[in-house]
1. Kindly evaluate residue 198 against the criterion of being within 24 Å of residue 29 (Cβ to Cβ) and either in contact (Cβ under 8 Å) with a residue 24 or more places away in the chain or assigned by TED's automatic domain parsing to the domain that holds residue 117 (or both).
2. Inspect all residues belonging to region 184-191 and state whether any of them is under 23 Å from residue 14 (Cβ atoms) and within 30 Å of the chain's Cα centre (by Cα).
3. Determine whether residue 113 is assigned to a loop (DSSP other than H, G, I, E, B), under 21 Å from the mean Cα position of the chain (by Cα), in the same structural domain as residue 52 (by TED's automatic domain parsing) and touching a residue at least 40 places away in the same chain (Cβ under 8 Å).
4. Mind telling me which of the residues 237, 175 ends up being modelled with pLDDT under 90 and touching a strand residue (DSSP E or B) at 6+ places or on another chain (Cβ under 9 Å)?
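The values are calculated or read from the model by the stated rules, or taken from the named source; none is laboratory data. All values reported here derive from a predicted model rather than from experimental measurement. Here Cβ is always computed from backbone atoms with ideal geometry, including for glycine, and neighbour counts include all displayed protein chains.
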């Protein structure tokens, strides 16, 4: 497999992958989204809640708050020496105390570990009116996306790369204009391909040209995009996803033998 970086931002990476097929691309996607562990709030104890929202709604919001993750500092609860009872090695406590009038933000959660904090401090949880109070204790732990969406490290998706072939085109200006991705450009009254990688296979050009243009998907090239929710950086997410994939391959190899 050959990879080429097309675009790289703080929490988003787009690469062109050559020499793979759709099943492998989808396996990599699922490995990253479902197997890379991150921290998330899993248990919430309400000491007092006189806000307008039910306990269940607030607990759901807390669970979906992205938390920075330290993979070296924590173990899965089921693998911990405490045998699932809960200790500082496999879980982390948060405390929240707020009194209205105010908006309760993610930053109001007080963590027992400075390495594990909300990724987006200003993410709102609930609005408290005058006299309303919210007091909670929350427990965060490591988990995987296959268990619950709150443990997913981000979003991974891919699309096929177009293979465009043009012949004599009767209305090049019309074809260039109708393309929503600006794949074509007219030079010397001829239609030229300038942004083939941007083509999303909508086939508008094929229909408008009455099949003078042929568009098919390449079976061994895909554009893969990875977006992090912020718990882990992009490089860590990719490394962990590939590591989990290799681990499963070794396990399968042992069972086959």
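1. Answer is no for this residue.
2. No: region 184-191 contains no residue that is under 23 Å from residue 14 (Cβ atoms) and within 30 Å of the chain's Cα centre (by Cα).
3. No: the conditions fail for residue 113.
4. 175
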